[in-house]
1. If you go through the range 40-47 one residue at a time, do you hit one that is of a type in the set (A, V, I, L, M) and touching a Gly at 6+ places or on another chain (Cβ under 8 Å)?
2. Does ALA74 satisfy the condition of being in contact with a helix residue (DSSP H, G or I) (Cβ under 6 Å, 6 or more places away or on another chain) and either surrounded by 14 or more Cβ atoms within 10 Å (Cβ to Cβ) or of a type in the set (A, V, I, L, M, F, W, C) (or both)?
3. Pick from LEU79, LEU10: which is part of a helix (DSSP H, G or I), loosely packed, with under 15 Cβ neighbours inside 10 Å and not β-branched (Val, Ile, Thr)?
4. Can you tell me which of ALA48, ALA69 is in contact with a Leu (Cβ under 7 Å, 6 or more places away or on another chain), more than 23 Å from ASN91 (Cα to Cα) and in contact (Cβ under 8 Å) with a residue 24 or more places away in the chain?
5. Filter the range 70-100 down to residues that are of a type in the set (Gly, Ala, Ser) and at pLDDT 90 or above, then give me how many there are.
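The values are calculated or read from the model by the stated rules, or taken from the named source; none is laboratory data. Since the model is a prediction, treat every value here as computed from it, not as a measurement. FYI the Cβ positions are ideal-geometry reconstructions off the backbone, even for glycines, and counts take in every protein chain you see.
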Amino acid sequence: MVPLEWYLLLAFALFVIGVTGVLIRRNIIMVLLSIELILNSANITFVAYSYYLQSIRGQVVVFFVLTMAAAEVALGLALVIALYRVRAVLNVDEMNLMRW
């Protein structure tokens, strides 16, 4: 059996990679993928503790997080497509649509 600490270490590594991607990357698609990594690290943590504590609650929370992540991807990609049609750019620094 794999110890709980290994799952938590994997989740922490995914979280750090995701946060680094959000802070460093300038491509909006890479930022969205980094946010997905952060959500998946939370899912791994929930499932690991759910198995460790012999409770179904963590798996139920994962179901809702996956639903939210799917909605976030759909909305995020729709916004990216709309912004790309207007500005023809995917760089976060160059997206200044709200400026006058």
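1. Yes, that holds for at least one residue.
2. So ALA74 fails the test.
3. Details: LEU10 fails: loosely packed, with under 15 Cβ neighbours inside 10 Å.
None of the others qualify; the one that does is LEU79.
4. The unique qualifying residue is ALA48.
5. Total satisfying the criteria: 4.
Residue-wise test of (1) of a type outside the set (Val, Ile, Thr); (2) surrounded by 13 or more Cβ atoms within 10 Å (Cβ to Cβ).
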position	(1), (2)
MET1	yes, no
TRP6	yes, no
PHE15	yes, yes
ILE24	no, no
ALA48	yes, yes
TYR51	yes, yes
ARG57	yes, no
PHE64	yes, no
